[in-house]
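Asker: One structure is given below, represented as structure tokens, and several questions about it will come after.
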Amino acid sequence: MIFTETKLKGCFIIEPKIINDERGYFMESFNEQTFEKGTGERVHFVQDNQSYSSRGVLRGLHYQTGEHAQAKLVRVLNGEVLDVAVDIRPNSETFGQHIAILLSGDNQKQFFIPRGFAHGFLVLSEKANFFYKCDNFYNKESEGGIKYNDSDINIDWQFDVDELIISEKDQQLPNLKIAKKVW
């Protein structure tokens, strides 16, 4: 696997070694030792989640606060999404900055997002299966979120805003300036 740290410290793009032959392909999607060596982080994942969405569905930007904060290792099983992480660590040099990564079933890239980041994704293909590992269990009282179109973050979702499909809950999220604090 190839681990590439992004401009946001602690966020890594992970490219697996894919072995192709006449039968299809094989790849190792996670190996704890390889992950720790590649990221320098010891992360114990405790929960796997999966979602299925159609083109234009935007989920996020979500995070968990305090002792329930979550690191995530995300990937797309099939389809294509624009995956976004926003640094919301209060003392970070890159606070409020984001990174957007194209994840697909074809490129098989994964994205590691440590604790202290808001996360969301937009489905670009007709359908997409999105899979992610979390290092902490979900806790409803600790959930937080930031509105997808916060002008201070200025995410280019590369999609016509009139075609977005966003839950009522996500449409009501606050801007970063007034969002629930991470710590």
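Asker: As a footprinting exposure proxy, order H68, H44 by other Cβ within 10 Å, with the fewest listed first. Walk me through the intermediate numbers first.
Answerer: On the way: H68 16, H44 8.
Result, fewest neighbours first: H44, H68.
Asker: If you don't mind, another one. Could you give the C-alpha radius of gyration of the chain expressed as a fraction of 2.2 N^0.38 Å, taking N as the number of residues it contains?
Answerer: 1.00
Asker: Excluding the sites themselves, what is the longest stretch of the chain that contains no trypsin sites (Lys or Arg not before Pro) in a DSSP loop with at most 11 other C-beta atoms within 10 Å?
Answerer: My reading of the result: 43-180 is the longest stretch.
Asker: Please compare each pair in K17/K127; K140/K177; K37/K169; K17/K133 to a cut-off of 31 Å on the Cα-Cα distance and tell me which ones are over it.
Answerer: K37/K169
Asker: Can you give the longest stretch of the chain with no exposed loop site, where a site means GluC sites (Glu not before Pro) in a DSSP loop (not H, G, I, E or B) with at most 10 other C-beta atoms within 10 Å? Let's see the in-between values first.
Answerer: Values: sites that count: E22, E93, E126.
Excluding the exposed sites themselves, the longest stretch runs over 23-92.
Bear in mind that the values in this text are calculations on the coordinates, not laboratory data. Source: prediction; values computed, not measured. Note: ideal-geometry Cβ built from the backbone for every residue, glycine included; neighbour counts use all protein chains shown.
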